[in-house]
Amino acid sequence: MAELANLASRPNRAEVARRPFIRRETLIALLFVLPGLALAILFKLVPLLRGIWLSFLETRGFEDPTFAGLANYRTMLSDPSVHDSFRNALIAFATLPVWIILPLVLAFLLFQKTPGWKFFRAAFFLPYIIAPIVVGIMFRQILAPDGPLNAVLRAIGLAPLAIEWLNGPTSALLALTAVALWSFFGLGVLTYLSGLSTVSEEVVEAAKLDGARFWQLLVYIIMPLLKSVIGYWAVLCTSGILIWMFPLIYALTKGGPGTATVLPEFLVFTTTFQFLDRGLGAAIGMALFVFVALVSAFVVRRMYIEGSQRK
Amino acid sequence: MTRPASSQKAIVSSMRIMLTRWIVTGILVILAVVTLYPLIFTVINSMKTRAAYSADPLGFFTDLTFDNYIETFQRMQVPRLLLNSLITTAGGLVLSTVAALFIAYAVTKLKMRGGNYIFLFIIAMLVIPSQVIIYPLYETILDLGFGGTYQGLILAYAAFGLPLGTYLLSAYFRAIPDELIEAARLDGAGDIRILFSILLPISTPAIAALSILNFVWMWNDLLLPLVIMGGSDKKTLMVGVALLSGQYDVSIPLISAGLIIALAPVIVVYMLFQRQILSGAIAGAVR
């Protein structure tokens, strides 16, 4: 119950602040940060601490939990479905180069004011604002055995490729990743475009006059200039694959066939709410948290450097 | 001799430029079709009768019908769910923005000791996604007595929107000269007035970008409302769509109509604020 003690100590700090030797400005500043701090502590820090505690408990259905030490973590390490979920995540990570390069190439094309670039920019970003659950249900129809995708494949003479996309283990994971990319790449295009807006057009023009081809321009001029944007986008995609796939999995495959499309975040949900093993669910959540925290710490570090008070 | 050769070269190179331009446009068009087609497909399906759909699932509609929309409206209780989504999204958006405004003001303009640490603490919460703490979060909301209530979801949304809001507004406030605030203080303005009648109007672009970002994710979120509201009558539109699609007697035209209803508000926002969204303010904001 450490978190309750933590909660109880909060008002005390405000009381301390009320002592007269504290300046009025400090008191106001404390009052101002209080609502936000309360939100962050109550709905993020406290649940995290409770999650850590819960991962050490043995929970069976609706019975009272008992302390079980590292039992959940041991179960987790020997649980094949946990292995599968992290292996699936690794396979999804193998597609990261596409996630990083495709929006970059598109952004560079739009940056050069290709005819109709404004329309393309608007079209490419549209999928990002559509709810992933809606995207998932939409693509269940698109990817259906008799759906439009297979109709197109048959029409262009690729009939052997017209398979039951969501029913084969490899194709289902591939389809899931592709749908995620569909809904996500537009944000990448915009991110790169805002990075490119700091690149002077003269640099590009000069390189063109020197006879640089598109790919040479991209690899030798643009990519070095956008190194930090590419890094940021790569971090975003990585955390996206780790924690933004839940609605897509929920709508497209529910994790199937077998465990072929179960990613760790989905396993946390099913372990907790379907198999009612909250302790194990919390343990898997903590394992996932370590990965997510490592990845997103880069973003936080950068935000802190940019946003903190310089002295 | 050199002139014709060089002009020929120029023709060849200009033809090459033309060709690349066509290929590039072709690729972009194909990609645009790939991004737009699923939407068009869903709109068409939503206006087909059940019979027309099973006769020709991929074709254009033969006779347009709005029956699916009418039926979905009743089955999904669309007005109620729409209201739920509106209340929770608006509540979360306003609460997280106001909390972020106060923190940003305190750490950038009040010269508070340890302000940097508070700023770091708030943005560090970004590393805790809802997915990994979903059960303990649900438990905490239950303990506070907010299970299945608007307040529960609104508070969770506000907490999860806070780090980005604090970061964006702090960055914006920092660029506003302190002299402006000193002058207002000399005129006898208090901190609340300085924050809300001087800084707030200046920061409209930042608040607009933040609000659009928050609106899109809060409106579209599935996991938090699914867990906090469950199947209650306070569930949001996205939960409604997810549950509707799970029912086996639902036809594809019907679910398509549900999808279009669920995404229409976001599309409207996108069209209204297209300029702000696409100008890079938002991608730049996240960066």
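Each row is one residue, and each column tells you yes or no for (1) assigned to a loop (DSSP other than H, G, I, E, B); (2) surrounded by fewer than 23 Cβ atoms within 10 Å (Cβ to Cβ); (3) at pLDDT below 90.
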site	(1), (2), (3)
B:188	yes, yes, yes
B:193	no, yes, no
B:208	no, yes, yes
B:215	no, yes, no
B:224	no, no, no
B:228	no, no, no
B:231	yes, yes, yes
B:238	no, no, no
B:241	no, no, no
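When the residues of the range A:30-84 are filtered to those that are of a type in the set (Val, Ile, Thr) and within 15 Å of residue A:281 (Cβ to Cβ), the one that is farthest from the other protein chains (Cβ to nearest Cβ) is A:75. Each residue in the range A:233-265 was checked for being over 18 Å from residue A:295 (Cβ atoms), open to solvent by less than 10 Å² (accessible area, probe 1.4 Å) and of a type outside the set (A, V, I, L, M), and 2 pass. When B:218, B:229, B:238 are checked against the criterion of being away from chain A (no Cβ under 12 Å) and closer than 30 Å to residue B:68 by Cβ, a single residue qualifies: B:229. Just one residue in the set A:27, A:7 is at pLDDT below 95, more than 8 Å from chain B (Cβ to nearest Cβ) and closer than 15 Å to residue B:155 by Cβ; that residue is A:7.
Condition check ((1) under 18 Å from residue B:250 (Cα atoms); (2) touching a helix residue (DSSP H, G or I) at 6+ places or on another chain (Cβ under 8 Å); (3) within 11 Å of chain A (Cβ to nearest Cβ)) across all residues:
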| position | (1), (2), (3) |
| --- | --- |
| B:8 | no, no, no |
| B:20 | no, yes, yes |
| B:24 | no, yes, yes |
| B:28 | no, yes, yes |
| B:42 | yes, yes, yes |
| B:49 | yes, yes, no |
| B:54 | yes, no, yes |
| B:57 | yes, yes, yes |
| B:63 | no, yes, no |
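Considering (1) under 18 Å from the mean Cα position of the chain (by Cα); (2) open to solvent by less than 10 Å² (accessible area, probe 1.4 Å); (3) at the interface with chain B (Cβ under 9 Å from one of its Cβ atoms), the lone condition that residue A:88 does not fulfil carries the number (3). Look at (1) within 21 Å of the chain's Cα centre (by Cα); (2) at the interface with another protein chain (Cβ under 8 Å from one of its Cβ atoms); (3) in contact (Cβ under 8 Å) with a residue 40 or more places away in the chain and you find that residue B:110 fails only one, number (1).
One residue stands out in the range A:112-143 among those that are at pLDDT 90 or above and not in a helix (DSSP H, G or I): the one that is nearest to the other protein chains (Cβ to nearest Cβ), namely A:131. Of A:63, A:25, all but one fail to be out of contact with any Pro (no Cβ under 8 Å at 6 or more places or on another chain) and either in a helix (DSSP H, G or I) or touching a residue at least 60 places away in the same chain (Cβ under 8 Å) (or both); the exception is A:25. Close contacts from the range B:149-167, counting a first residue that is under 21 Å from residue B:115 (Cα atoms) and in the same structural domain as residue B:123 (by TED's automatic domain parsing) and a second that is of a type in the set (Phe, Trp, Tyr) and open to solvent by 10 Å² or more (accessible area, probe 1.4 Å), with Cβ to Cβ under 9 Å and a gap of 6+ residues or different chains, come to B:160/B:217; B:161/B:217; B:167/A:304. Within the range A:160-197, the residues that satisfy the criterion of being over 16 Å from residue A:139 (Cβ atoms) and under 20 Å from the mean Cα position of the chain (by Cα) are A:187, A:188, A:189, A:190, A:191, A:192. Would you check if residue A:174 is at negative phi, in a helix (DSSP H, G or I), in the same structural domain as residue A:298 (by TED's automatic domain parsing) and open to solvent by 10 Å² or more (accessible area, probe 1.4 Å)? So residue A:174 passes the test. Only one of the numbered conditions (1) open to solvent by less than 60 Å² (accessible area, probe 1.4 Å); (2) at pLDDT below 95; (3) more than 10 Å from chain B (Cβ to nearest Cβ) is not met by residue A:109, and that is (3). Consider residue A:77 carefully, then state whether it is modelled with pLDDT of 95 or more, in a helix (DSSP H, G or I) and not hydroxyl-bearing (Ser, Thr, Tyr). Criteria not met by residue A:77. Sort out which residues of the range B:5-32 are among the charged types (D, E, K, R) and closer than 30 Å to residue A:121 by Cβ, and write them in order of number. Hits for the range B:5-32 are B:16, B:21.
Scanning the range A:262-311 for residues that are more than 10 Å from every other protein chain (Cβ to nearest Cβ), of a type in the set (Val, Ile, Thr) and over 22 Å from residue B:222 (Cα atoms) yields a single hit, A:305.
The values are calculated or read from the model by the stated rules, or taken from the named source; none is laboratory data. Because the structure is a prediction, the values reported are computed rather than measured. Positions of Cβ are generated from backbone atoms using ideal geometry, with glycine treated the same way; all protein chains shown enter the neighbour counts. Surface accessibility is based on the protein's heavy atoms, side chains included, excluding ligands, DNA and RNA. Shrake-Rupley method; radii C 1.70, N 1.55, O 1.52, S 1.80 Å.
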